[in-house]
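As structure tokens, the structure follows; a few thoughts come after it.
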Amino acid sequence: MPLNFKANCLNFALAAFVVFSIVTAMSLLRSPPSKQCEAIEGHIFIDCIDPSWHGISSWEMRYDDGAESLNTREGGDLVKWQIIDAKEHARQQILDVHFTRVPANGRLRFHAKGGGQPHDMTAFAGGTLQFDVRVHNWGLSERILVAQVVCGFPCGSGPHRIEVPRLNEWTSIVLLIDELVAGGLDLARVDIGLAISPTWNRMQGIHFQLDNIRWVKPITDE
């Protein structure tokens, strides 16, 4: 076999190995692996998605042509998200959320596990829905976030406005379950434990992060 043929084969193999190594390294650097959670009643996302919930999704509707889409995994055209390392002493992994410049409305959502199998959250009556939020960029939004809980359209809590006073700082949010119920929520059939977005028609460009999303039962004297 000619020496130049052997040299070409070795060069090709070396080049293929280098390309494979670069691609593998890049894939490992994109984001940390999702941590596996233990199921804890009421938890939705604390460092990871609680296994009693299906995961993260988005609903989107373009306002240029009215097209609707439901998206999972890495997000749709408007709503993008990923679980990232918080690089903070008090936190491990957090949820990083971007809304692109696509002409659409949409929400980030946390669905009950199993299609058509809502959660019975009646044990949390009188309690709270709590989460931490940090806004890095308001984009074109009205500097307000909107949160709601859904029990099968059109059943739901109605929108609740969330004010975040300062950029780049964590804010702890507490929503009263009784107020969500007063807005129309049926606790016996919750299929979206939290949906969050900027206000309608002003969503583009916002960048925020979420952590410690959980339902908390009321404190009793027992």
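Bear in mind these aren't lab numbers, they're just calculated from the coordinates by the rules spelled out. All values reported here derive from a predicted model rather than from experimental measurement. As a convention, Cβ positions derive from the backbone with ideal geometry for all residues, glycine included, and neighbour counts pool all protein chains shown.
Take the Cα coordinates of the stretch 115-162, assign each an equal point scatterer, and use the Debye formula without solvent to give log10 I(q)/I(0) at q = 0.15, 0.22, 0.29, 0.33 Å⁻¹. Each listed q corresponds, in turn, to -0.60, -0.99, -1.23, -1.33.
Note on the stretch 37-216: Rg/Rh from Cα positions, Kirkwood definition for Rh, rounded to two decimals, is 0.94. For the stretch 142-196, the list of trypsin sites (Lys or Arg not before Pro) that fall in a loop by DSSP and count at most 16 other C-beta atoms within 10 angstrom reads 143, 166. Exposure proxy ranking for 98, 119, based on other Cβ atoms within 10 angstrom of each Cβ and starting from the fewest, stands as 98, 119.
What separates the Cα centres of the stretch 129-195 and the stretch 68-120 is a distance of 14 Å. Sequence-ordered 3J(HN,Hα) estimates for the stretch 176-184 from the Karplus curve with 6.51, -1.76 and 1.60 and θ = phi - 60° stand at 7, 4, 4, 6, 5, 5, 4, x, x Hz, glycine and proline given as x. Taking a ≥ b ≥ c as the square roots of the Cα gyration tensor eigenvalues, with a/c under 1.5 meaning rounded and otherwise prolate when a/b beats b/c, else oblate, which class fits the stretch 88-129? Verdict is oblate for the stretch 88-129.
For chymotrypsin sites (Phe, Trp or Tyr not before Pro), the sites in the stretch 118-222 that DSSP calls loop and that have at most 16 other Cβ atoms within 10 Å are 200. Site pair residue 41 and residue 161 shows an inter-label distance of 3.6 nm when each label is modelled 7 Å from Cα along Cα→Cβ. Taken one residue at a time, the phi angles of the stretch 117-126 give Karplus couplings (6.51, -1.76, 1.60, θ = phi - 60°) of 10, x, 8, 8, 10, 4, 5, 9, 4, x Hz. Gly and Pro are set to x. Residue order for 61, 121, fewest other beta carbons within 10 angstrom first, comes to 61, 121.
In terms of other Cβ atoms within 10 Å, 65, 120, 211 run from fewest to most in the order 65, 120, 211.
As an exercise, identify the GluC sites (Glu not before Pro) in the stretch 149-198 lying in DSSP coil whose Cβ has no more than 11 other Cβ atoms within 10 Å.
Those that pass, being in a loop and sparsely packed, are 163, 169.
Taking amide H as placed 1.01 Å from N in the peptide plane, the amide H of residue 42 sits under 5 Å from none that are at least 5 places away or on another chain.
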